[in-house]
Amino acid sequence: MDNQTALEKRVFTVLFAAMAISMTGTGFGPLMGIYARELGAAGFLLGIFASSFPAARALSQPFVGHLSDRGYKKFFIAVGILIFVLVSFGYRLAGSPMGLIWMRFIHGFATAMVMPVAIAYIGEMTPKGREGAYTSIFNISFMIGWGIGPMLAGFLWEPEDLLSSVRSFLEFFSPLIPDLTRKLTMLVAKAEESTQSWGIHTVFTGMALTTSVAFALVVIFLPSDRRFMASRDGNGKNQPSSTLPLRVLLQDNTALGLLVWSLVHSIGRGASLFFISVFAKEVANVSAFGTGIIISLYTLIPILFYGSIGRLADRMSRVKLIVFGTIGRAALYALLPLTVTFMPLLSLCVLIGIIEAFSAIASTALSVDLGRQYGMGSVQGAFQTAQSLGMLAAGPVNGIIFQAFTINLVFFNGSFMEVVSILFLLIFIKMSGEARWQRRSEEFATEHTESSEKR
């Protein structure tokens, strides 16, 4: 193994671990709606709370992405995760909906410094024609964090639910193994006693601890991107991505189509994803821990399909995968109001997560491809900004819908916006020409053949 390959593996491993751990710490996000409701947020104010996070991301991501292309990727990632640590303490001090909104805004600003920059760093080392494979594997780090985070947060918030289930499980098997179950039951009883004082403050303590570990990983083990780029150039690797003004990117119909799709589809996704936790609590009567289980499995189970979908995205038209994932998600969102108990809601959310993976991986692979031409950080910043603007619009609009009508209409609106996003995407594809979108699979096939012949 040469030094360059070892350095690339180190970058990938450190970023993967840091993203998984930091996203676990910030994975309380899907349960934030419940906490905001407990503090008195309702209707429009609940929508403003939901929008504060993406608003901060939308305002900061274009500038962060552009600056990161100048060799500051490690700096932005480290500072962003450090803010995660500080915000954990800020959440504990927020005793009102407005205080929570401000903390959520700062949290969104920090996320803008971490996620798109980390993806851009990985994009710099991705071989041409393998965007789908590399990004699908790296996206697993985010999915692990977002999957474990809500479940962990739900346990830290209401540990009695899990401990009660464990006690019932032990009671069922007590006739078979009485001695072992008796000892384990005593341990469960001690755990129940020691966790009686746990609550929302415990969640924020857990967030501070996990994000601190991620911060240490990045500061100590992640190589500077300037060092990485210098090493790569010296070994004859792909040249670094160029950095061009955003207006040049917006003149490309392929890029513009992807950005518009991302913005509109995020309005639909934001409408549903944020309000699922509220729906689970207030309609399906699911506990905070049960809601955490739903969000976690919605995120974790699709990971099993990521590798296959990533390879698929390198071999066929990525736009077809985007269309499949988006239309499938729209249909499933419309079914959410029918799930008024735990198991149907859990099953449908898991299915949504699997279908969603097709469009997520294909769109990320396309953004990495575009990043080589317009600047990896700049494109990821623009791509993430479009998503944030969609989430920003989703909050107040659906907050008003929730307050004026019912939560069911929120999900129907999300389904409608997903369909609209595909219509915009197809219009821009028509303008740019289908051949460009198909080209990636042809390049992959050529490179794969050449590699095989060399071996």
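Could you give every pair whose Cβ atoms fall below 6 Å, whose first residue belongs to the range 179-201 and is within 18 Å of LEU156 (Cβ to Cβ), and whose second residue is outside any loop (DSSP other than H, G, I, E, B) and among the basic types (Lys, Arg), counting only separations of at least 6 or pairs across chains?
From residues that are within 18 Å of LEU156 (Cβ to Cβ), the pairs are VAL188/ARG167; HIS201/ARG92.
Can you pull out every residue in the range 304-321 that is of a type in the set (Val, Ile, Thr) and surrounded by fewer than 18 Cβ atoms within 10 Å (Cβ to Cβ)? Write out each step before concluding.
Of the range 304-321, the ones of a type in the set (Val, Ile, Thr) are 309, 319.
Selection gives nothing.
Given the criterion crowded, with 18+ Cβ neighbours inside 10 Å, touching a helix residue (DSSP H, G or I) at 6+ places or on another chain (Cβ under 7 Å) and within 21 Å of ASN285 (Cβ to Cβ), identify the matching residue among LEU332, LEU348. Write out each step before concluding.
Values: LEU332 fails: within 21 Å of ASN285 (Cβ to Cβ).
Within the list LEU332, LEU348, the selection yields LEU348.
If I filter the range 85-104 for residues that are of a type in the set (S, T, N, Q), over 29 Å from GLN380 (Cβ atoms) and at pLDDT below 85, do I get at least one hit? Step through it out loud before you land on a result.
So in the range 85-104, the residues of a type in the set (S, T, N, Q) come out as 88, 96.
If we keep only those that are over 29 Å from GLN380 (Cβ atoms) too, we end up with 96.
Now restrict to residues that are at pLDDT below 85: 96.
There is at least one residue in the range 85-104 that is of a type in the set (S, T, N, Q), over 29 Å from GLN380 (Cβ atoms) and at pLDDT below 85.
Somewhere in the range 62-71, is a residue buried (at least 24 other Cβ atoms within 10 Å of the Cβ), within 27 Å of MET151 (Cβ to Cβ) and in contact (Cβ under 8 Å) with a residue 12 or more places away in the chain?
no
So which of PHE28, PHE53 ends up being at pLDDT below 75 and closer than 17 Å to ILE83 by Cβ? Working first, answer last.
Numbers: PHE53 fails: at pLDDT below 75.
The match here is PHE28.
What number of residues in the range 295-310 are part of a helix (DSSP H, G or I), out of contact with any Ser or Thr (no Cβ under 8 Å at 6 or more places or on another chain) and of a type outside the set (Gly, Ala, Ser)? Steps first, answer last, please.
Start the filter on the range 295-310 by keeping residues that are part of a helix (DSSP H, G or I), which leaves 295-300, 303-310.
Imposing the further condition that a residue be out of contact with any Ser or Thr (no Cβ under 8 Å at 6 or more places or on another chain) reduces the set to 296-300, 303-305, 308.
Pick out the ones that are also of a type outside the set (Gly, Ala, Ser) and you get 297-300, 303-305.
The qualifying residues number 7.
Which one of VAL319, VAL368, VAL340, VAL323 is out of contact with any helix residue (DSSP H, G or I) (no Cβ under 8 Å at 6 or more places or on another chain), more than 19 Å from PRO150 (Cβ to Cβ) and of a type in the set (Val, Ile, Thr)? Walk me through how you get there before you give the answer.
Working: VAL319 fails: out of contact with any helix residue (DSSP H, G or I) (no Cβ under 8 Å at 6 or more places or on another chain); VAL368 fails: out of contact with any helix residue (DSSP H, G or I) (no Cβ under 8 Å at 6 or more places or on another chain); VAL323 fails: out of contact with any helix residue (DSSP H, G or I) (no Cβ under 8 Å at 6 or more places or on another chain).
Every option except VAL340 fails the conditions.
What are the pairs with Cβ atoms under 7 angstrom where one residue, in the range 111-127, is in contact (Cβ under 8 Å) with a residue 12 or more places away in the chain and the other, located anywhere, is of a type in the set (Ser, Thr, Tyr) and part of a loop (DSSP other than H, G, I, E, B)? Sequence gap at least six, or different chains.
So the pair list comes out as GLU124/SER241.
Scan SER441, SER388 and give me the residue that is modelled with pLDDT under 85, buried (at least 23 other Cβ atoms within 10 Å of the Cβ) and touching a Lys or Arg at 6+ places or on another chain (Cβ under 6 Å).
The conditions single out SER388.
Checking the condition surrounded by fewer than 17 Cβ atoms within 10 Å (Cβ to Cβ) and not β-branched (Val, Ile, Thr), which residue from LEU152, LEU180, LEU156, LEU170 passes? Step through it out loud before you land on a result.
Working: LEU152 fails: surrounded by fewer than 17 Cβ atoms within 10 Å (Cβ to Cβ); LEU156 fails: surrounded by fewer than 17 Cβ atoms within 10 Å (Cβ to Cβ); LEU170 fails: surrounded by fewer than 17 Cβ atoms within 10 Å (Cβ to Cβ).
Matching residue, one of LEU152, LEU180, LEU156, LEU170: LEU180.
Can you find even one residue in the range 138-155 that is among the polar types (S, T, N, Q) and at pLDDT 80 or above?
Yes, that holds for at least one residue.
Is there any pair linking a residue in the range 362-390 that is under 16 Å from LEU250 (Cα atoms) to one that is among the basic types (Lys, Arg), with Cβ under 6 Å and at least six apart or on different chains, and which?
LEU366/ARG318
Rundown of residues vs (1) under 30 Å from PHE12 (Cβ atoms); (2) in contact with a helix residue (DSSP H, G or I) (Cβ under 9 Å, 6 or more places away or on another chain); (3) among the acidic types (Asp, Glu), yes/no style:
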residue	(1), (2), (3)
ILE137	yes, yes, no
ILE144	yes, yes, no
MET151	yes, yes, no
GLY154	no, yes, no
GLU171	no, yes, yes
LEU176	no, no, no
ALA191	no, yes, no
THR195	no, yes, no
LEU209	yes, yes, no
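Quick check, is TYR72 of a type outside the set (S, T, N, Q) and more than 22 Å from the chain's Cα centre (by Cα)? Write out each step before concluding.
Numbers: of a type outside the set (S, T, N, Q): yes; more than 22 Å from the chain's Cα centre (by Cα): yes.
Against the criterion (of a type outside the set (S, T, N, Q) and more than 22 Å from the chain's Cα centre (by Cα)), TYR72 qualifies.
The values are calculated or read from the model by the stated rules, or taken from the named source; none is laboratory data. Keep in mind the model is a prediction, meaning the values are calculated, not measured. Cβ: placed from backbone, ideal geometry, glycine included. Neighbour counts: every protein chain shown.
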